[in-house]
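To start, the structure itself, in structure tokens.
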């Protein structure tokens, strides 16, 4: 079958083959597959299905049809928050394998309320018929507190950052704060100083992980670190620190 390279695969090349997607594996793959199988058995349909491995040793997951988007209204953000809540709730009954080898971000808290996706971002969310359909790219999944995922999703989806490439010198927008305050109750939390502390810690963890893994020569991360030195995350961290007061109602 013909292989079609897909964008949005994060740091690992992803190809589509028929109604499946294939990508290289890592030490974390067995634990991630166990998680995805648990989610399917629990009735959570917001993640790809595990199909096994191909003759090249790549993981095979079910293809999730739809589109990736980068902007949303408040009703759509509420639907995203509801999907994240359903995901987290479905993981509370998951028993990880004894030998689970998660790809934990540097600085991940030890408290493990749920299994976090750890990359809840627009590029990893497939939409279908105007609704959020499924989160993809689960390689960073690992145990952690709910706020570890919620804070990062708030940062990426509302968003709580200034992207110099797309929003040159963007000023804080009052509607940004309003969006965060209106959608988080759909998950069951509010925008609080404590949650914004988690946003800061989460962005810092991404920078620290990229640096540690990049300097260690990890595939994908090495190229990202060499090219950027993590400047995009340092900019984001400064932006959150400078404007966080405007986001707490």
**Complete:** In this structure, the FRET efficiency calculated for residue 16 and residue 111 from their beta-carbon separation, with R0 = 35 Å, to the nearest 0.05, is 0.40
**Request:** Note down the nm distance, to one decimal, between modelled labels 7 Å out along Cα→Cβ at residue 226 and at residue 49.
**Result:** 4.0
**Fill in**
Here the FRET efficiency for residue 216 versus residue 65, based on Cβ atoms and R0 = 22 Å and rounded to 0.05, is 0.05
**Asked** Remind me, relative contact order of the chain in percent, using alpha carbon pairs under 8 angstrom and six or more residues apart?
**Response** 18
**Asked** Can you give the Rg to Rh ratio of the stretch 43-86, both from alpha-carbon atoms, with Rh computed by the Kirkwood formula?
**Response** 1.12
**Request:** May I ask you to compute the full-extension gain from residue 94 to residue 42, defined as 0.36 nm times their residue separation minus their alpha-carbon distance, rounded to one decimal in nm?
**Result:** 17.8 nm
**Request:** Provide, in order from the shortest bin, the percent of all Cα-Cα pairs of the stretch 67-247 in each 10 Å bin, continuing until the bin that contains the maximum pair distance.
**Result:** 9, 36, 39, 15, 1
**Message:** Can you give the log10 of the normalised intensity I(q)/I(0) at q = 0.15, 0.30 Å⁻¹, computed with Debye over equal Cα scatterers of the stretch 99-160?
**Reply:** -0.48, -1.32
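What is the Cα convex hull volume of the stretch 4-62 when expressed per residue in Å³? Could you put the intermediate results ahead of the total?
Working: hull volume 5.1 nm³, N = 59.
Dividing the Cα hull volume of the stretch 4-62 by its residue count gives 87 Å³.
Each reported figure results from applying straightforward, stated rules to the coordinates on display, with no laboratory input. Predicted, not measured: the structure shown is a model, and the values here were computed from it. Please note: Cβ atoms are built from the backbone with ideal geometry, for glycine as well, and neighbour counts cover all protein chains shown.
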